[in-house]
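The values are calculated or read from the model by the stated rules, or taken from the named source; none is laboratory data. Since this is a predicted model, take the numbers as computed values, not measurements. Heads up, the Cβs are rebuilt from the backbone with ideal geometry, glycines too, and the neighbour counts pull from every protein chain shown.
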Amino acid sequence: MILSTLFLAALALPPQQPPRQAAADFHVRFDGPAAPIPAGLGRGINDLSNASAGCWEAFGEHVRPEGGLARIWLSYAIGPLSKQIEAGLHARDAGMEVYLVAVGAPENLGKGHGAAGTGIPPKDAVAWADAVARDVRTLRQAGVPVSYVEVWNEPDFPGQWNGTEESFAAFFARAGGRLKSKLPDLRVGGPGMAGPAGKPLDFFRKILQACKQAAWSPDFLSYHYYGGYASDNQSREFGLRLERMAKEAGLARPELILSEWNVGLPHPVRPELDDHRAGVYFAAMNSSLAYTPVSHSLFFFLQDGYWEAKQDYAGESVGLFTLRGGPKAVLNGMRMFRQAAELPLVPVEREIAPWNLTCLATRDGGRGYLLLTNSTGDAVKRARHYADWAGIDMSNYAGKERQLQAWATGRISYERMGGRAEDRATWEEARRLLGETRDEAAKTERMVRLRFSDPPAGVERVWRLDGEVGDPATDDEFRARFDQLVASLPERASLQALASFRDEGLPEDQLAVLEDAYAEPDQEAVRRGLEARRGRLGPALVRQAGERYRDQFLELRGRIPVQLAGLPAAAMAKVPPGRFLRRVGEELEVELPTWSAILIEVRWEEPASGDQG
């Protein structure tokens, strides 16, 4: 189709009646000052060293994460360096730097994750920092581009630091300063706080005061975010508040990093992790972060964890790819943001849009993008974030959780709830936000109105992600192809392993025995089949045959994400502009119900003659 005909279905349609409301949802200033979006937004990833080489390859090809950070765990209570090198080299090959999170103490090696292992504080902060420095050097010598070290992980979460906030703050300041002195080119900070508001902010304040006393400014501060409104990072100024706290402590301005986040965590399942909602949330999160001081966002994580997921596309884990390598809809949320973020950011003013809506606008000369999303989140968490931002001292409401809930639902009066007179306006707004979340989430139809400074002349292309398009798992042909690849893994691994032994000249009688063992239906059955034939094959050949089968199986499984991520059903869904866009005077209306995202490529110039779409 000739590109010049596409805009006839959108901006160049005959104008409708003038808008009834005076204000639009957003005012997009395409003529405003433009600035590059930080390269770390939308490109960072967490990997617990479990992702296959194929997942890394597909991620690198389809997200193009150059400039992003790969967060890789160095967990001393679990094990020494091993898979971190392999994962770090995959990150390097994808064009990323490595962000090492160091947690646990070497003296607790083998005790595992949690209060009985990683939660045990190191005996000596200096010795701990020296151990981290040695391991950073080892990783670098192996070719892993370690550029950041995060000191600890979620010290505010139960079981992650078996001590007081004050003891952690002292450890952080001493260990961080020591590590920085050993490796001055390394960016050192943290601590990957489990939350960015309320008590975590008080904890951050103690950390910054300890750093001031130690005469060391952390290079970055990091926090995590799950389940709340994606836009709370912007509206509740998490990053700006951390910057102000550092300034008040007399420290250098820190880089701000969202080092771990997702739409939620499985307990034990969460369906939205595997459907379009995770992709919409991804686009919303990074669209909002683009208008904040945060420089890196690291999605949690690359591939579903075998320790929690048993099925594919069952909402059992948080990966970008399933347990066996199937790409999820969040890949298209990444692609949508990545495409829009190629161009510089221009200003967007929120006029009457509620905060479940986001609008990212970018432009370079005659070409631009609009990325719009509609996603909600935990309504109570959103209300709490507002109350915290507005200055409510929650210590005045200790033990009143039930009364707050009763008042919020209209069952008791404000006076009976025990609310302070000076807090009433804030609590009333928090209650209004609860209702707004409920109402917005229930809408099956939602039009978003945009007005422009320097409006574009036309629309080139439109992509959509919602419950109907953009989610590969809902495509029957895609699922059939995925199921076939998974089901055939044992047979294909057996054939390749057997062929390799035949090429090496293994005698026919032994090949026949191996063929019988390899005919079993899965990995565990093959292992048992080989052991049952130990007397005929010998221990050395049994071991070699088991290793070879496993290697072939993992290599073939690792190709699944590469094969599937490039299929048309897994690509961003291109849609007719006229289906979702409507011109209203000089403005644009976009159909955007809850849990949908739309990417619109716009232009200011006529396309060259003969250009194809």
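Summary of computed values
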| item | result |
| --- | --- |
| Residue within the stretch 128-136 that is in the same structural domain as A246 (by TED's automatic domain parsing), outside any helix (DSSP H, G or I) and hydrophobic (A, V, I, L, M, F, W, C) present | no |
| Residue match in the stretch 296-304 (condition: in the same structural domain as Y229 (by TED's automatic domain parsing), within 25 Å of V462 (Cα to Cα), part of a loop (DSSP other than H, G, I, E, B) and of a type in the set (A, V, I, L, M, F, W, C)) | no |
| Test: residue in the stretch 150-157 that is among the aromatic types (F, W, Y), in the same structural domain as Y306 (by TED's automatic domain parsing), within 24 Å of the chain's Cα centre (by Cα) and over 30 Å from Q339 (Cα atoms) | yes |
| Residue count for the stretch 359-382, restricted to those that are of a type in the set (D, E, K, R) and under 19 Å from V348 (Cβ atoms) | 3 |
| Qualifying residue in the stretch 452-462 (condition: of a type in the set (S, T, N, Q) and touching a residue at least 60 places away in the same chain (Cβ under 8 Å)) | yes |
| Residue in the stretch 38-55 that is in a loop (DSSP other than H, G, I, E, B) and closer than 29 Å to G368 by Cβ present | yes |
| Answer residue from the stretch 549-586, given it is surrounded by 19 or more Cβ atoms within 10 Å (Cβ to Cβ) and farther than 30 Å from R335 by Cβ and is farthest from the chain's Cα centre (by Cα) among those | Y549 |
| Unique match (being surrounded by 15 or more Cβ atoms within 10 Å (Cβ to Cβ) and within 21 Å of E260 (Cβ to Cβ)) among G119, G177, G159 | G119 |
| S82, sole failed condition from (1) outside the structural domain of Y306 (by TED's automatic domain parsing); (2) surrounded by fewer than 24 Cβ atoms within 10 Å (Cβ to Cβ) | (1) |
| Condition check for A252: crowded, with 23+ Cβ neighbours inside 10 Å and assigned to a loop (DSSP other than H, G, I, E, B) | no |
| Filter result (closer than 20 Å to G176 by Cα, out of contact with any helix residue (DSSP H, G or I) (no Cβ under 7 Å at 6 or more places or on another chain) and of a type in the set (A, V, I, L, M)) within the stretch 101-111 | V101, V103 |
| Cβ-Cβ under 8 Å pairs, at least 6 apart or on other chains, the stretch 511-523 side assigned by TED's automatic domain parsing to the domain that holds Q496 and over 11 Å from Y549 (Cβ atoms), far side surrounded by fewer than 19 Cβ atoms within 10 Å (Cβ to Cβ) and of a type in the set (F, W, Y) | none |
| Matching entry among L139, L179 (being in contact with a strand residue (DSSP E or B) (Cβ under 8 Å, 6 or more places away or on another chain), more than 13 Å from G190 (Cβ to Cβ) and assigned by TED's automatic domain parsing to the domain that holds I85) | L139 |
| Single match in T444, T437 (criterion: assigned by TED's automatic domain parsing to the domain that holds I352, buried (at least 19 other Cβ atoms within 10 Å of the Cβ) and among the polar types (S, T, N, Q)) | T437 |
| Single match in V575, V602, V562, V590 (criterion: in contact with a Pro (Cβ under 6 Å, 6 or more places away or on another chain) and either at pLDDT 95 or above or among the polar types (S, T, N, Q) (or both)) | V602 |
| Residue in the stretch 508-525 that is among the polar types (S, T, N, Q) and over 40 Å from the mean Cα position of the chain (by Cα) present | yes |
| Per-region count, the stretch 361-382, residues crowded, with 21+ Cβ neighbours inside 10 Å and either out of contact with any strand residue (DSSP E or B) (no Cβ under 6 Å at 6 or more places or on another chain) or closer than 27 Å to G195 by Cβ (or both) | 8 |
| Subset of the stretch 262-306 that is crowded, with 24+ Cβ neighbours inside 10 Å and among the aromatic types (F, W, Y) - its residue that is nearest to the chain's Cα centre (by Cα) | F299 |
| Close pairs from the stretch 105-133: first at positive phi and touching a residue at least 40 places away in the same chain (Cβ under 8 Å), partner surrounded by fewer than 19 Cβ atoms within 10 Å (Cβ to Cβ) and assigned to a loop (DSSP other than H, G, I, E, B), Cβ under 8 Å, at least 6 apart | G114/G159 |
| Some residue of the stretch 67-77 being at pLDDT 95 or above and in contact with a Phe, Trp or Tyr (Cβ under 6 Å, 6 or more places away or on another chain) | yes |
| Residue count for the stretch 402-446, restricted to those that are in a helix (DSSP H, G or I) and farther than 28 Å from T594 by Cβ | 11 |
| Count - residues of the stretch 447-490 that are crowded, with 20+ Cβ neighbours inside 10 Å, part of a loop (DSSP other than H, G, I, E, B) and in contact with a helix residue (DSSP H, G or I) (Cβ under 7 Å, 6 or more places away or on another chain) | 3 |
| The lone exception for H267 - which of (1) closer than 30 Å to P344 by Cα; (2) without any contact (Cβ under 8 Å) to a residue 24 or more places away in the chain it fails | (1) |
| Residues of the stretch 482-505 that turn out to be farther than 30 Å from A565 by Cα and free of Cβ contacts under 8 Å to residues at least 12 places away in the same chain, as a count | 4 |
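Residue-by-condition table, conditions (1) farther than 30 Å from W355 by Cα; (2) in contact (Cβ under 8 Å) with a residue 12 or more places away in the chain:
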{"position": "D156", "(1), (2)": "no, yes"}
{"position": "A170", "(1), (2)": "yes, yes"}
{"position": "K180", "(1), (2)": "yes, yes"}
{"position": "P184", "(1), (2)": "yes, no"}
{"position": "G227", "(1), (2)": "no, yes"}
{"position": "A230", "(1), (2)": "no, yes"}
{"position": "L251", "(1), (2)": "yes, yes"}
